[in-house]
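Participant: Dropping the structure in here first, questions after.
The values are calculated or read from the model by the stated rules, or taken from the named source; none is laboratory data. All figures in this text were calculated on a predicted structure; none of them were measured in a lab. Please note: Cβ atoms are built from the backbone with ideal geometry, for glycine as well, and neighbour counts cover all protein chains shown.
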Amino acid sequence: MSSGANTYCSVLAGFLIDHFSANANADFKIAYFFCTDKQDKQKSAESLLRGLIHQLIGSTPELVEHALSFYKSQNEKMIESLGTLADISLSCQ
């Protein structure tokens, strides 16, 4: 969802996140990311995937093994690689 300045998209997004989180079951995880064009760190695909992966690992700790295998082969470079982040997110399914 996208909007200009002074709109209620973040309020609506927050409502939807709360609603779906309250109705989630053990097999269903909610992850979200708010992007802004005002902060360089929040407008890249890498930032989006890092945020989503962080939330998924935080809510499902056993997923850390998937990220660790990538870390062992690439070290810190993995957090800057869109391809690697996409691979990590796909391996967590």
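Participant: If I ask for residues that are among the hydrophobic types (A, V, I, L, M, F, W, C) and under 18 Å from Y32 (Cβ atoms), which ones from region 48-85 would you list?
Facilitator: Residues of region 48-85 that are among the hydrophobic types (A, V, I, L, M, F, W, C), as a first pass: 48-49, 52-53, 56-57, 63-64, 67-68, 70, 78-79, 82, 85.
Once the filter is applied, which keeps residues that are among the hydrophobic types (A, V, I, L, M, F, W, C) and under 18 Å from Y32 (Cβ atoms), region 48-85 yields L48, L49, L52, I53, L56, I57, L63, L85.
Participant: Could you go through region 2-14 and let me know if any residue there is exposed (fewer than 14 other Cβ atoms within 10 Å of the Cβ), touching a helix residue (DSSP H, G or I) at 6+ places or on another chain (Cβ under 6 Å), hydroxyl-bearing (S, T, Y) and modelled with pLDDT under 80. So that I can check it myself, show each step before the final result.
Facilitator: Quick first cut of region 2-14, residues exposed (fewer than 14 other Cβ atoms within 10 Å of the Cβ) only: 2-12, 14.
Imposing the further condition that a residue be touching a helix residue (DSSP H, G or I) at 6+ places or on another chain (Cβ under 6 Å) reduces the set to 3.
From the residues that got through so far, the ones that are hydroxyl-bearing (S, T, Y) too are 3.
Going one step further and asking which of them are modelled with pLDDT under 80, we end up with 3.
Checking region 2-14: at least one residue is exposed (fewer than 14 other Cβ atoms within 10 Å of the Cβ), touching a helix residue (DSSP H, G or I) at 6+ places or on another chain (Cβ under 6 Å), hydroxyl-bearing (S, T, Y) and modelled with pLDDT under 80.
Participant: Now, a different point. Being under 13 Å from the mean Cα position of the chain (by Cα), surrounded by 12 or more Cβ atoms within 10 Å (Cβ to Cβ) and over 15 Å from I30 (Cα atoms): is that true of A86 here? Spell out the reasoning first.
Facilitator: Working: under 13 Å from the mean Cα position of the chain (by Cα): yes; surrounded by 12 or more Cβ atoms within 10 Å (Cβ to Cβ): yes; over 15 Å from I30 (Cα atoms): yes.
When the stated conditions are applied, A86 passes them.
Here's the yes/no breakdown for (1) under 18 Å from S91 (Cα atoms); (2) in contact with an Asp or Glu (Cβ under 7 Å, 6 or more places away or on another chain); (3) surrounded by 14 or more Cβ atoms within 10 Å (Cβ to Cβ); (4) free of Cβ contacts under 8 Å to residues at least 60 places away in the same chain:
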site	(1), (2), (3), (4)
A24	no, no, no, yes
S44	no, no, no, yes
L48	yes, no, yes, yes
T60	yes, no, no, yes
S73	yes, no, no, yes
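Participant: Name the one entry in E76, E62 that is modelled with pLDDT under 80 and outside any loop (DSSP other than H, G, I, E, B).
Facilitator: Numbers: E62 fails: modelled with pLDDT under 80.
After applying the criteria, what remains is E76.
Participant: Which one of the conditions (1) under 30 Å from S10 (Cβ atoms); (2) touching a residue at least 24 places away in the same chain (Cβ under 8 Å); (3) surrounded by 12 or more Cβ atoms within 10 Å (Cβ to Cβ) does H66 fail to meet, given that it meets all the rest?
Facilitator: Tallying (1) under 30 Å from S10 (Cβ atoms); (2) touching a residue at least 24 places away in the same chain (Cβ under 8 Å); (3) surrounded by 12 or more Cβ atoms within 10 Å (Cβ to Cβ), H66 fails exactly one: (1).
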